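Q: My questions all concern the structure below.
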Amino acid sequence: MAVAARALLDAGKARRILIVDLDVHQGDGTARLFASEPAVFTLSLHCEANFPARKARSDLDIALPPGTEDGGYASALESALDRAGDFAPDFVFYNAGVDPHHQDRLGRLALSDAGLEARDAAVFAFARSRAQPIASVLGGGYGPVEDVARRHTIVHRVAARFC
Ligand SMILES: [Zn+2]
């Protein structure tokens with residue numbers, strides 16, 4: 001996402017890029033890489049008690065307590081996206097890690113399948129309501145490969161509803 005964002009900016013194809021990182025682990029890489037880049041806004045919603053122990057500073061960090069379920073997650077995401085909308089991005093990158101799922105081995109949050117689906121829909125709706133292009137990438141997910149792979153299909157199914 002960072003390389004693609006840099007390339008879009010350098011090519012003049014985007015002026016203000018929002019990176020929405022919903023992997024359960026903080027988006028410390030993009031936060032550090034773009035710490036002094038005003039054209040990129042980094043938003044990370046993550047579990048406060050998870051890797052990395054020493055967090056980077058995103059433009060907007062929302063640290064959720066372990067065990068956060070669908071409802072609390074959805075509220076936190078809604079207000080975070082509201083705030084990110086003030087940045088007025090013209091391109092959105094979305095890290096759709098599935099490790100906030102309640103059965104994830106490393107996640108420590110408690111989202112259901114429906115919670116992941118609602119999360120993905122909220123991000124796509126955010127972008128589409130502002131006519132912004134959005135590119136989604138797979139993020140983390142830990143557990144039996146069949147289960148993790150199935151969870152990763154959710155974002156594709158949700159994205160198809162917005163095409
Ligand atoms: Zn992760």
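A quick yes/no check of all residues on (1) assigned to a loop (DSSP other than H, G, I, E, B); (2) touching a residue at least 60 places away in the same chain (Cβ under 8 Å):
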| residue | (1), (2) |
| --- | --- |
| Gly107 | yes, yes |
| Ala114 | no, no |
| Val123 | no, yes |
| Ala131 | yes, no |
| Glu146 | no, no |
| His152 | no, no |
| His156 | no, no |
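Q: Let me ask something additional. For Ala88, work out the one condition from (1) buried (at least 16 other Cβ atoms within 10 Å of the Cβ); (2) touching a residue at least 60 places away in the same chain (Cβ under 8 Å); (3) over 30 Å from Val145 (Cα atoms) it doesn't fulfil.
A: If we test Ala88 against (1) buried (at least 16 other Cβ atoms within 10 Å of the Cβ); (2) touching a residue at least 60 places away in the same chain (Cβ under 8 Å); (3) over 30 Å from Val145 (Cα atoms), just (1) comes out false.
Q: Another question about this same structure. Of the residues Leu64, Leu43, Leu77, only one is open to solvent by less than 20 Å² (accessible area, probe 1.4 Å), more than 16 Å from the ligand (Cβ to nearest atom) and within 30 Å of Arg105 (Cβ to Cβ); which?
A: Details: Leu64 fails: more than 16 Å from the ligand (Cβ to nearest atom); Leu43 fails: more than 16 Å from the ligand (Cβ to nearest atom).
Exactly one of Leu64, Leu43, Leu77 is open to solvent by less than 20 Å² (accessible area, probe 1.4 Å), more than 16 Å from the ligand (Cβ to nearest atom) and within 30 Å of Arg105 (Cβ to Cβ), namely Leu77.
Q: Go through segment 1-11 residue by residue and tally those that are over 18 Å from Leu138 (Cβ atoms) and either open to solvent by less than 10 Å² (accessible area, probe 1.4 Å) or under 13 Å from the mean Cα position of the chain (by Cα) (or both).
A: If we filter segment 1-11 for residues that are over 18 Å from Leu138 (Cβ atoms), which is where we start, we get 6-11.
Right, trim to either open to solvent by less than 10 Å² (accessible area, probe 1.4 Å) or under 13 Å from the mean Cα position of the chain (by Cα) (or both) and you get none.
The total comes to 0.
Q: Follow-up question, since we're still on this one. Need the failing condition index for Asp113 against (1) under 11 Å from the mean Cα position of the chain (by Cα); (2) open to solvent by 50 Å² or more (accessible area, probe 1.4 Å); (3) of a type outside the set (Gly, Ala, Ser), just the number.
A: It fails just one condition, (1).
Q: Still on this structure, I have one more. Run down Arg54, Arg157 and say which single residue is more than 15 Å from the ligand (Cβ to nearest atom), under 30 Å from Ser36 (Cα atoms) and open to solvent by 10 Å² or more (accessible area, probe 1.4 Å). Working first, answer last.
A: Values: Arg157 fails: under 30 Å from Ser36 (Cα atoms).
Criteria check complete, one pass: Arg54.
Q: Oh, and also: Here are the criteria: (1) open to solvent by 20 Å² or more (accessible area, probe 1.4 Å); (2) in contact (Cβ under 8 Å) with a residue 60 or more places away in the chain. Tell me which single one Ala14 does not satisfy.
A: Looking at each condition in turn, Ala14 falls short on (1).
The values are calculated or read from the model by the stated rules, or taken from the named source; none is laboratory data. Quick caveat: nothing in here was measured; it's all calculated off a predicted structure. All Cβ positions, glycine included, derive from the backbone under ideal geometry; neighbour counts span all protein chains shown. Note: areas computed on protein heavy atoms with side chains; ligands, DNA, RNA excluded. Shrake-Rupley method; radii C 1.70, N 1.55, O 1.52, S 1.80 Å.
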